[in-house]
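Quick note: the coordinates plus some simple rules give every number you see, no bench work behind them. Everything quoted here is computed from the prediction, not taken from an experiment. Cβ placement follows ideal geometry from the backbone for every residue including glycine, while neighbour counts extend to all protein chains displayed.
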């Protein structure tokens, strides 16, 4: 695996997560956060301001590693279709069931903003990972 490509792919995922989070939670659904304040830290809390971006980067780097490890088994004709399919699969087995379970067992409002946020971030973020990693992770067969 190319370390610089992996680093940039994880960085792109983290930046996408921050931007999409700002758009979803601050512009499109600003009152959803207010209604769920008992669940979330205040946005001016250091854990929120520093920890969230750092964890988005770490998440991006981990997802880029998993993408590289599973690359050959991901269905798709090309790198970009593999990225989209990987993102969809990741969303289906990751955040989707967890958020729906949380909604069923807590008094949390329906997590539509969270579902939209995680869907967009996983699909677009994995697409960015796939685009940055490109075909650099395919093994080149040597001719005999």
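In table form, for the structure just shown:
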| item | result |
| --- | --- |
| Normalised alpha carbon radius of gyration of region 1-70 [divisor 2.2 N^0.38 Å] | 1.31 |
| Overall Cα dimensions of the chain - principal axes, largest extent first, Å | 65, 30, 22 |
| Between helix 79-93 and the chain: long-axis angle, C-alpha atoms, 0 to 90°, nearest 10 | 40 degrees |
| Degrees between helix 3-22 axis and first principal axis of the chain (Cα, 0 to 90, nearest 10) | 30 degrees |
| Cβ crowding within 10 Å averaged over residues, with 91-99, 15-23 ranked highest first | 15-23, 91-99 |
| Folded to 0 to 90 degrees: helix 52-70 orientation relative to the chain principal axis, Cα | 30 degrees |
